[in-house]
Amino acid sequence: KCNLSGWWQNDLGSKMNLSTADSHGNFSGVYYTSVSSAQKPIEPSPLSGSQHLDEDECTFGFIVNWKFSDSIATFVGQCFSGDNGDEVLKTSWLLREKSNSLSSDWKATRIGNNTFTRV
């Protein structure tokens, strides 16, 4: 069974600490990003998510509410067992920044991918 709880680090050096999922698959945690385009100092930010509990290599998703910028990120992913048996989280994300006008809305959403391994 996929256990998301604990510390994870991605390919950019960002870390997150996830709680144990409840009986419905809901979990929470804190995200410590190592990258930002915001002008303010980076702060740890809360996350909340949900996972499927009935599969070995589960799918999951979570939202991060960045405390140092006017943006929100959503991550979706799947837990895998790597070639050496280590757990790997493959994720895709959307980050939405506040747009100052309707005409600049086109540049307010970014998309990316990250791979997390257990710390």
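Values quoted throughout were computed directly from the atomic coordinates according to the rules given, and no laboratory measurement underlies them. These numbers were taken from a predicted model, which means no experiment stands behind them. Glycine also receives a Cβ, built like all others from the backbone with ideal geometry; neighbour counts cover every protein chain displayed.
A few comments on the model shown:
- Ignoring lysines fewer than eight residues from Lys98 along the same chain, the ones with Cα atoms less than 22 angstrom from its Cα are Lys40, Lys67, Lys107.
- Sparsely packed trypsin sites (Lys or Arg not before Pro) within the stretch 33-119, loop by DSSP, other Cβ within 10 Å at most 14: Lys67, Lys98
- Scattering curve values for the stretch 6-118, log₁₀ I(q)/I(0), Debye with Cα scatterers, q = 0.15, 0.21, 0.22 Å⁻¹: -0.67, -1.20, -1.29
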